[in-house]
Ligand code: APR
């Protein structure tokens, strides 16, 4: 079975060691996948997140998964798309890499990502998808303890973009 997979689904339902949350820099919840994860995890997640006092774009923080089937939630604020000349690509890659670093540091073997920054933050998914998968693929090559990373796409358009990108990074 491939170590990097792209599926369509709801990340809050996945029983993996860690799911990644496309957060904002306050780490106090929001809409999109952030809202879905906080709703599914329950109020304990917000209490745990409050302790961090926020998180810079591209960095990552880890908490328990509370009522989620996942053991951990890794929170990372991706970049807001501002046209592509504000270091967005580097910050997006940082979000993926720093989340994976935290997952490995906490003994995770299976990790699920949403499509970071391509919703409210308006990062074009056709640009984000190959960058995200390339970053994950490179990390997997250097970290054999990671057994499986799943990109969980919520809608059809995102799923198509990541399936297409997967062919270019295999
Ligand atoms: N499972 C998987 N993916 C999901 C789910 C879900 N349950 N719900 C939404 N998504 C997808 C969206 O369809 C999109 O493809 O997550 C991707 C990221 O979109 P957003 O959640 O809008 O995240 P982002 O673009 O990174 O913007 C972050 O939005 O929710 C707020 O608090 C968050 O301010 C932050 C901003």
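The values are calculated or read from the model by the stated rules, or taken from the named source; none is laboratory data. Owing to the predicted nature of the structure, the values given are computational and were not obtained by experimental measurement. No Cβ is skipped: glycine too gets one built from the backbone with ideal geometry, and neighbour counts run over all protein chains shown.
Could you pull out the residue among 139, 113 that is within 16 Å of the ligand (Cβ to nearest atom) and surrounded by 15 or more Cβ atoms within 10 Å (Cβ to Cβ)?
113
Give me the residue from region 151-165 that is under 16 Å from the mean Cα position of the chain (by Cα) and surrounded by fewer than 21 Cβ atoms within 10 Å (Cβ to Cβ) and, out of that set, farthest from the ligand (Cβ to nearest atom).
159
Only residues that are away from the ligand (no atom under 12 Å from the Cβ) and part of a loop (DSSP other than H, G, I, E, B): list them for region 1-36, please.
Listed by number, the residues that qualify are 1, 2, 3, 15, 16, 17.
Of all the residues that make up region 143-159, how many are more than 21 Å from residue 21 (Cα to Cα) and touching a helix residue (DSSP H, G or I) at 6+ places or on another chain (Cβ under 9 Å)?
Start the filter on region 143-159 by keeping residues that are more than 21 Å from residue 21 (Cα to Cα), which leaves 143-145.
This time we only want the ones that are touching a helix residue (DSSP H, G or I) at 6+ places or on another chain (Cβ under 9 Å), so: 143, 145.
Residues in region 143-159 being more than 21 Å from residue 21 (Cα to Cα) and touching a helix residue (DSSP H, G or I) at 6+ places or on another chain (Cβ under 9 Å): 2 in total.
Can you pull out the residues in region 55-84 that are closer than 15 Å to residue 28 by Cα and within 12 Å of the ligand (Cβ to nearest atom)?
Scanning region 55-84 gives 55, 57, 75, 76, 77, 78.
Would a scan of region 92-106 turn up a residue that is within 14 Å of the ligand (Cβ to nearest atom), modelled with pLDDT of 95 or more and farther than 16 Å from residue 77 by Cα?
No, region 92-106 contains no residue that is within 14 Å of the ligand (Cβ to nearest atom), modelled with pLDDT of 95 or more and farther than 16 Å from residue 77 by Cα.
Give the residue that is surrounded by the most Cβ atoms within 10 Å (Cβ to Cβ), with candidates limited to residues of region 37-54 that are within 20 Å of residue 103 (Cβ to Cβ) and within 14 Å of the ligand (Cβ to nearest atom).
If we take residues in region 37-54 being within 20 Å of residue 103 (Cβ to Cβ) and within 14 Å of the ligand (Cβ to nearest atom), then 37 is surrounded by the most Cβ atoms within 10 Å (Cβ to Cβ).
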